[in-house]
Amino acid sequence: MSATIRRNTRRTWWKSSLGVLFTAVMLFPVYWMVNVSLTRTGDLRSDPPHWFPWEPTFEGYSAVLDQQLPALGTSLLVGLGCVVLTVVIAAPAGYALGLLHLRGGRTLNFLLLVAQMIPAVVMAMGFYAIYNRLGLLNTVGGLIVADSTVAVPFGVLLFTAFMAGIPRELLQAARVDGAGAWRSFWSVVVPLSRNSTITVSLFAFLWAWSDFIFASTLNRNGDLVPITLGIYHYIGNNTTQWNAIMATAVVASVPAAVLLVVAQRYVAAGVTAGAVKD
């Protein structure tokens, strides 16, 4: 018995060490981002580099608070707008595909998968041509629509997978009580789809929050620019303010990290929903 326990302990120690190593490798860029954000400008080109900010400076964070708060507000507006538009479109579409058994549902699901494979650069060029004719360049609304085109296919597929697993008895009971298709959707399906809704909302927000291609193509000269373009403005032809760039990246990472921690269990439940059928 003791030999078995020692053998299991050795296996556990080996797996734990390997997990810690991989975690350290993956989190090293995050550590280096924080390290550079606290490093003085004169020490950024030191050889060997400073692996720890022995004399930290907060001038990068001061630049963020002085210059980037409007950009953070714009990113928040774009992210929330993308969430609302994505859920409004994806939830009814998933309900129709998963429970109403519309004709051509499989074909539409295939097209949604194909849509997710289209490079963002190609989509950005198409949006630029359309927005240029419609006068939607350099507008927050146009950027919200563009970002939603990335999140909507994922949202429809996730809602379809979950809603297809909802027991038909619940919908039949709603119909017996006189509820139509839309009333059943709002009163029965939507409350049951909380985890999927949170998952789709989180991914839609993160995609919009981290977008650079659509922002740099469609909103480069707008009055309100997102934080990704705010970071890009620190990069010049002759000088690059690395501590300000990294400080902005750290501040911009905080909302995403907080959302992921808070919604972790809902995301895990939402992603796996519909994957296993009874």
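List of remarks:
- Evaluation of Ala146 against (1) farther than 26 Å from Leu170 by Cβ; (2) of a type outside the set (Val, Ile, Thr); (3) not in a helix (DSSP H, G or I) (one fails), failing number: (3)
- Among residues of the stretch 103-130 that are among the polar types (S, T, N, Q), those with a beta-carbon under 6 Å from a residue that is in a helix (DSSP H, G or I) and surrounded by 15 or more Cβ atoms within 10 Å (Cβ to Cβ) at least six positions away or on a different chain give the pairs Gln116/Pro153.
- In the set (1) of a type in the set (Ser, Thr, Tyr); (2) farther than 16 Å from Leu157 by Cα; (3) modelled with pLDDT of 90 or more, Ser46 fails one condition alone, (3).
- Restricting the search to helices (runs of 4 or more DSSP H) fully inside the stretch 155-250 and requiring at least 2 residues that are among the β-branched types (Val, Ile, Thr) and modelled with pLDDT of 85 or more gives 194-210, 213-218, 227-232.
- Restricting attention to the stretch 50-67, the residues that are acidic (Asp, Glu) and surrounded by fewer than 13 Cβ atoms within 10 Å (Cβ to Cβ) add up to 2.
The values are calculated or read from the model by the stated rules, or taken from the named source; none is laboratory data. Treat the numbers as computed from the prediction; the structure is a model and nothing was measured. Note that we place each Cβ from the backbone using ideal geometry, even for glycine, and neighbour counts take in every protein chain shown.
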